Amino acid sequence: MEIKATDVAKLRQMTGAGMMDCKNALIEASGDFERAQEIIREKGKLVAAKRADRETTEGAVIAKISADYKKAILVSLGCETDFVAKNAEFQAIANSIADTALAEFPADMAGLMATCAGETTIEALVTQQTGKSGEKHAVPYYAAIEANYIAAYNHTNGKVSTIVGFNKEVSLEVGKDIAMQITAMAPVSLSKSDCPKEVIEKELEIYREQIKQDPKMADKPAEMINKIAEGKLGKFFKENTLEEQIFVKDGKITVTEYLKAADPEAKITAFRRFSLND
């Protein structure tokens, strides 16, 4: 059957797929628009499956805060190339996902992917974009926090962002300073008390192996080696936990000391950071 150019254009407007994909879908569907849309969606799933093992090291990372500064989300839309990441349509979709996440405020990644963005779910939207561009799209990260006050920082490269919660309202400058600190220094936790056990054990294992390489320690008992390794954790905590890190804008005081000087009652309650380059 003959497929009119106006019909192809109409389907393209409805799906965002390429002109030839729309024409072929209409031919296969014998002009049935509903079936043609299903064919295009199926094609997107097929392309997504073929691209499943590709890495999405490019893309966008976006932090957004609610108008009352009490809720925030951090989400990333990933793709394979910088060319696609800089595309206006890609950026629009990434921001749409972020806006939807902030409005609906799903608790986790599964909830986000099941959330509707317009007439489809975010999961289906991402799959559709994979089929449309021929390049894998994915959502590698999502987090949401609530606090009495939240600050955020989106780095200018669009690939790393941070959200950080406080027990009370702080100045915009203080909030931004702490968020930038987290973005730049990538702490593993807020303090040593909440540092993940697996992170600590990994560091201890590295220290144990380093100690064993010393000829003088070759015949020392495991208990002694463990104690020496544990002693080295102090430096790790100072460099990798937010409260103990040196405040980068000063270089002489810790983040805790900076915050206490700004507001003795203010405390950091939670933070999330994500970078496509990590």
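State, as an integer percentage, the relative contact order of the chain based on alpha-carbon contacts under 8 Å between residues 6 or more apart. Let's see the in-between values first.
Details: 458 pairs, mean separation 49.9, N = 278.
Value for the chain: 18 percent.
Distance cut-off 25 Å, Cα to Cα: go down the list Lys71/Lys176; Lys238/Lys260; Lys202/Lys227; Lys197/Lys249 and report the pairs above it.
Working: Lys71/Lys176 16 Å; Lys238/Lys260 17 Å; Lys202/Lys227 15 Å; Lys197/Lys249 30 Å.
Listed pairs above 25 Å: Lys197/Lys249.
Using only the alpha-carbon atoms, what does the chain span along each of its principal axes? Please give whole angstrom values in decreasing order.
The Cα atoms of the chain stretch 83, 50, 28 Å along the principal axes, largest first.
Taking the Kirkwood radius as the inverse of the mean 1/r across Cα pairs, report the Rg/Rh of segment 168-278. Could the numbers behind the result be given before it?
Working: Rg = 17.2 Å, Rh = 15.8 Å.
Taking Rh as the inverse mean 1/r over Cα pairs, Rg/Rh reads 1.09.
Among 229-236, 126-133, how do they line up by average Cβ neighbours within 10 Å per residue, starting with the highest? Let's see the in-between values first.
Details: 229-236: 14.2, 126-133: 22.8.
Per-residue mean Cβ counts within 10 Å order the peptides as 126-133, 229-236.
What relative contact order, as a whole-number percentage, does segment 137-184 give when Cα pairs under 8 Å and 6 or more residues apart are counted?
Numbers: 58 pairs, mean separation 17.6, N = 48.
Worked out over segment 137-184, it gives 37 percent.
If each DSSP helix of 4+ residues adds -39,500 (n - 2.57) and the sum is divided by the residues in the chain, what number results at 222 nm, nearest 500 deg cm²/dmol? Mind showing how you got there, number by number?
Details: 12 runs with 134 residues, N = 278.
Per the formula, -14500 deg cm²/dmol.
Give the separation of the Cα centroids, segment 111-137 to segment 177-235, in Å.
So the two Cα centres are separated by 41 Å.
For the chain, what is the accessible area per residue in Å² when the probe is 1.4 Å?
Working: 15450 Å² over 278 residues.
Per-residue value: 56 Å².
Please report, as a whole percent, how much of the solvent-accessible surface of the chain comes from carbon and sulfur atoms (probe radius 1.4 Å).
51
The values are calculated or read from the model by the stated rules, or taken from the named source; none is laboratory data. Note that the structure is predicted; figures quoted are calculated from it, not measured. Quick reminder, even Gly has a Cβ in these numbers, built from the backbone with ideal geometry, and neighbours come from all protein chains shown. Surface areas here come from the heavy atoms of the whole protein model, side chains and all, with no ligands, DNA or RNA. Shrake-Rupley method; radii C 1.70, N 1.55, O 1.52, S 1.80 Å.
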